[in-house]
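To start, the structure under review is shown below, and the notes come after it.
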Amino acid sequence: MKIPQTIEMQVGALNTSEHNPRQITEDDFAELVKSLLLLPKGLYYRPVVVDDRNIALAGNMRLRALKYIHELGFDDLAEILRASYRFRHFDEAKQSALLNYWREWQMHPTVPTLYASELDEDEQQQFIIKDNLSFGTFDIDMLANEYDIAAIIDDGFDIDLLPKSAIEALAAANGIDPNDITGRRCGGDGEADEHYTHKITSPVYEPKNEKPDLSTLTDSGRTDELLAKIEASNVSPDEKEFLRQAAARHTVFDYAKIADYYAHASKEMQELMEDSALVIIDFGKAIEKGYIRLSDEIRNEYTREYGNEA
């Protein structure tokens, strides 16, 4: 049997399959895009497999995601990365290297590819199905003790697929409420329904670390880049002011550190932080201030279950 070799192919030369039975929701597709952006090296360990017509047999959704990334504006691509838990915890050098990789990739988009020339039509169908199957279970102790739960959720891991006892064990090992890690979707190449808890509770913030410095609560790197361009531009003063306000949208907030800061802050500062929805302590108050909007149907259901008190 001839062993296939991985080669680099132009993304535009390959085609996604219309006959692959695996589907994906919009939200899961967004998770897949983020996953690829965070770990492009992974593509070399899971190449796209195509037939002799350059149609994907395995990695169909990955190929679709790469085509999307190729068409994505670089600023939007960078925004996806900067909003990611994992990316925010990379050091500055790694962040810069990853952004530079994708900047260059968008100019010359390729993907590691294997040709399934040795597979006949029946074997190709088998391969498509088997590539999309998932076997085995997770070692809960290992997940709890050796993995960052927030990071694997950010990677797209579907916590809700685990038994309730396993979720409780993970939460206990990480010192968090089980409700805080449920309701998350899976990513990867597959599809999974979104799960939501019907219980609406306000989070309780407790000091877990030293009070962080204010400068660490946000990442204004992209905002600063935009402001520099705006100031150097020749647009009118009014247009500059508009663009300055718009640039603030690109500041990334580290809500874990914000919660720690809140726990150590003065009462006046806490109230001001609540007014800005930097933390939501009171669900009813959040609705009252318009940070959470419920349709009449959902609002009525909430009232039936919890009454008029938030």
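A short reminder: the numbers here are calculations on the coordinates, not readings from a lab. Note that the structure is a prediction, hence the values are computed from the model and not measured. Here the Cβ is made from the backbone with ideal geometry for all residues, glycine too, and neighbour counts use every protein chain on show.
At a glance:
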{"quantity": "Mean Cβ count within 10 Å, highest first, over the residues of peptides 100-106, 46-52", "calculated": "46-52, 100-106"}
{"quantity": "Phi-based couplings in Hz for the range 226-242 (Karplus 6.51, -1.76, 1.60; Gly and Pro marked x)", "calculated": "5, 4, 4, 5, 5, 5, 7, 7, 10, 6, 5, x, 5, 5, 4, 5, 4"}
{"quantity": "Modelled FRET efficiency - R0 45 Å, residue 236 with residue 39, Cβ distances, 0.05 increments", "calculated": "0.55"}
{"quantity": "Added length on full extension, which subtracts the Cα-Cα distance from 0.36 nm per residue, residue 210 to residue 131", "calculated": "23.8 nm"}
{"quantity": "Gained length - residue 272 relative to residue 94, 0.36 nm times residue gap less alpha-carbon distance", "calculated": "60.6 nm"}
{"quantity": "Potential extension, residue 243-residue 83 segment - 0.36 nm per residue separation minus Cα distance", "calculated": "55.5 nm"}
